[in-house]
Amino acid sequence: MATTGRSAEDAARVFAIREFNRFYTARLGLLRKRYLGGEFSLTEARVLYEIASTPDLTASALRNRLGLDAGYVSRTLSLLTRRKLVRQTASGADGREKLLTLSAMGRRKLAQLNEHSARQIEGLLQPLSAADRDTVVAFLSKVRLILSQKQEPIIRIVRLSNANEDAIRLLEEYYEAVDIARRDSPEGIQEIIDHPASGMWLAYLEDKAVGCVVLRKLESIPLAGECKRLYVQPHARGRGIANALLDALEECACHEGLRWVYLDSHESLKAAAILYQKRHFGPCKRYNDNPQANVFLRKRLGPGRSPSRSRKRSDTERPGLS
């Protein structure tokens, strides 16, 4: 086996962990087509467990938690729904998301799986002495704790000098997410980027562009700019990216001498409303003729109103209609 780039010590560690994985997966029967010899695959059984143990779980959150492909998760949920084990209902906070719950039959099936799994583990531990059982449990708990202490991915906020492919791609995703009618051309975005009191920022997570926001100088209101196209991809939400984008936008607005930031949205985008409220945006009169907007907000910048970088991370990052 090639170990190019690894020291002898690292290669030995990798080999030891892979050896354990091969032993443990075979011992637990995880290589079989059906988990515990029953009617479910291992993935199906795990999906049932995650839905039962996590209130208000959505399909996107489930996908992120298990690290699975979106199409695979969708097919698995569709199968379990057709079997009347899983229910999918529209989220009150975001109509594009589905909340996942187990039906009564789903709960019964999961209870059977849990009992079967418990008996299997009891069978593994039964031949061991009490001291060895405690050692196994303690070591496995320690391994889980160590491997859970992963580094947070680096988030970078970049102000654009050109309307690049990442910017166009994220804007297209934004338009589809909120079903927006007024769409910007690449030339129009470049004009905004080139204006000294306007701009566009992208958020990069592990060197992949996952979010955007646009600041446009409002010619109709003195010393004011407009926050537009705030968007964070679903898989990247919950990391404070929307706040970081708005921090960059507000800092630029202050630097350019603007005193107000306006935005428009829609009352159905409840998660976006929560985000704006936390950032001290308040209601104002309609300031444009956007037919898709029925919520109009503004925030005063300047002394005492500068953006804070210490806000608590949340899962309320959703695109606003702006």
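The values are calculated or read from the model by the stated rules, or taken from the named source; none is laboratory data. These figures come from a predicted structure and were not determined experimentally. Here the Cβ is made from the backbone with ideal geometry for all residues, glycine too, and neighbour counts use every protein chain on show.
Check residue 170 against each of (1) surrounded by 11 or more Cβ atoms within 10 Å (Cβ to Cβ); (2) without any contact (Cβ under 8 Å) to a residue 60 or more places away in the chain and name the one condition it does not meet.
If we test residue 170 against (1) surrounded by 11 or more Cβ atoms within 10 Å (Cβ to Cβ); (2) without any contact (Cβ under 8 Å) to a residue 60 or more places away in the chain, just (2) comes out false.
Under 29 Å from residue 111 (Cβ atoms) and modelled with pLDDT of 85 or more: is that true of residue 9 in this structure?
Details: under 29 Å from residue 111 (Cβ atoms): no; modelled with pLDDT of 85 or more: yes.
When the stated conditions are applied, residue 9 does not pass them.
Restricting to the stretch 243-265, name every residue that is surrounded by 23 or more Cβ atoms within 10 Å (Cβ to Cβ), touching a Gly at 6+ places or on another chain (Cβ under 7 Å) and assigned to a helix (DSSP H, G or I).
The answer is 245, 253.
Given the criteria within 22 Å of residue 112 (Cα to Cα) and assigned by TED's automatic domain parsing to the domain that holds residue 109, does residue 67 qualify? Spell out the reasoning first.
Working: within 22 Å of residue 112 (Cα to Cα): no; assigned by TED's automatic domain parsing to the domain that holds residue 109: yes.
Spelling it out, it is not the case that residue 67 is within 22 Å of residue 112 (Cα to Cα) and assigned by TED's automatic domain parsing to the domain that holds residue 109.
Among the listed residues 25, 43, 89, 101, which satisfies the condition of being in a strand (DSSP E or B), more than 17 Å from the chain's Cα centre (by Cα) and either closer than 28 Å to residue 120 by Cβ or hydrophobic (A, V, I, L, M, F, W, C) (or both)?
The match here is 101.
Are any residues in the stretch 267-290 in a loop (DSSP other than H, G, I, E, B) and either farther than 23 Å from residue 198 by Cβ or at pLDDT below 85 (or both), and if so, which ones? I'd like the intermediate steps shown before the answer.
Of the stretch 267-290, the ones in a loop (DSSP other than H, G, I, E, B) are 267-269, 279-281, 284-290.
The answer is 267, 268, 269.
Of the conditions (1) among the charged types (D, E, K, R); (2) modelled with pLDDT of 90 or more; (3) in a loop (DSSP other than H, G, I, E, B), residue 183 satisfies every one except a single condition; which number is it?
Of (1) among the charged types (D, E, K, R); (2) modelled with pLDDT of 90 or more; (3) in a loop (DSSP other than H, G, I, E, B), only one is false for residue 183: (2).
Can you tell me which residues in the stretch 168-180 are part of a helix (DSSP H, G or I), of a type in the set (Val, Ile, Thr) and modelled with pLDDT under 90? Spell out how you get there, then give the answer.
We begin by selecting, within the stretch 168-180, every residue part of a helix (DSSP H, G or I); these are 168-178.
Among the residues that remain, those that are also of a type in the set (Val, Ile, Thr) are: 168, 178.
Passing the criteria: only 178.
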